[in-house]
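Down below is the structure, laid out as structure tokens.
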Amino acid sequence: SYTARSKMPPNPRVVQANAGPVPRILDRLAAEGKITREHYAATVTVWRRDGGFIEDALLEASALSEADVLKMLAAVYKTRFVSTEKLAKVDVPRPLLDMVPRKLAERSCVLPVLYDTATATLSIVTIEPDNVQLLEEVKLVSRARDVKGFVGRPAAIKAAIAKVYTGDFTLFAA
């Protein structure tokens, strides 16, 4: 949920406690045998109780590490992942930040991290690297020829956005 400390508006993708169907990524992880039935059930219980992002519920409900969860998500999304540790250390040059306006970054939980000038490809870290509509929006706004999405944890992406756009390092300390 939104706190004054975060200085970021609530993300509309955050699901409130006890709401709606189970996010499809959890079903995909189970269908592909990446998590057990026990992990699935425990994750749904935590998610329904606490709300928030399914990735965080998965971490809380299982004995899996962040790296394990991100590796599973990256495998399902067929992309790379960026850990919280790497996002805490990321230094994004101003011209790259200018390609993705701060409001879009905050609203959509995306962080530009690389730009390949030879191919005009922008790489972003996001919670939904397979969201075609989001990738197209970033492509249009950034004027990149192509946009690649890497997966990361929602809280880490939000903290990195605050860090690189406003110089606020406090979210990584939380």
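The values are calculated or read from the model by the stated rules, or taken from the named source; none is laboratory data. This is a predicted model, so every value here is computed, not measured. Every residue, glycine as well, gets a Cβ built from its backbone with ideal geometry; the counts of neighbours run over all protein chains shown. Heavy atoms of the whole protein, side chains included, go into the accessibility calculation; ligands, DNA and RNA do not. Shrake-Rupley method; radii C 1.70, N 1.55, O 1.52, S 1.80 Å.
May I ask you to give the percent of accessible area on the stretch 97-174 that is carbon plus sulfur, with a probe radius of 1.4 Å?
53
Wrap a convex hull around the Cα atoms of the stretch 105-144, take a quarter of its surface area, and give that in square nanometres.
For the stretch 105-144, the mean projected area of the Cα convex hull comes to 2.6 nm².
Setting aside same-chain residues fewer than 8 positions from Lys103, which lysines have a Cα under 26 Å from its Cα?
Lys7, Lys86, Lys89, Lys139, Lys148, Lys158, Lys163
Work out the length of the dipole vector of the chain about its Cα centre, built from +1 on the beta-carbon of each Lys and Arg and -1 on the beta-carbon of each Asp and Glu, and round it to the nearest 20 debye.
My answer is approximately 300 debye.
For the chain, take the longest principal axis of its alpha carbons; what is the angle in degrees between that and the long axis of helix 66-77, to the nearest 10 within 0 to 90?
Orientation of helix 66-77: about 80 degrees from the principal axis.
So for the chain, considering every pair of alpha-carbon atoms, how many percent are separated by more than 29 Å? List each step's numbers first, then the result.
Details: 2732 of 15051 pairs.
Result: 18 percent of Cα pairs exceed 29 Å.
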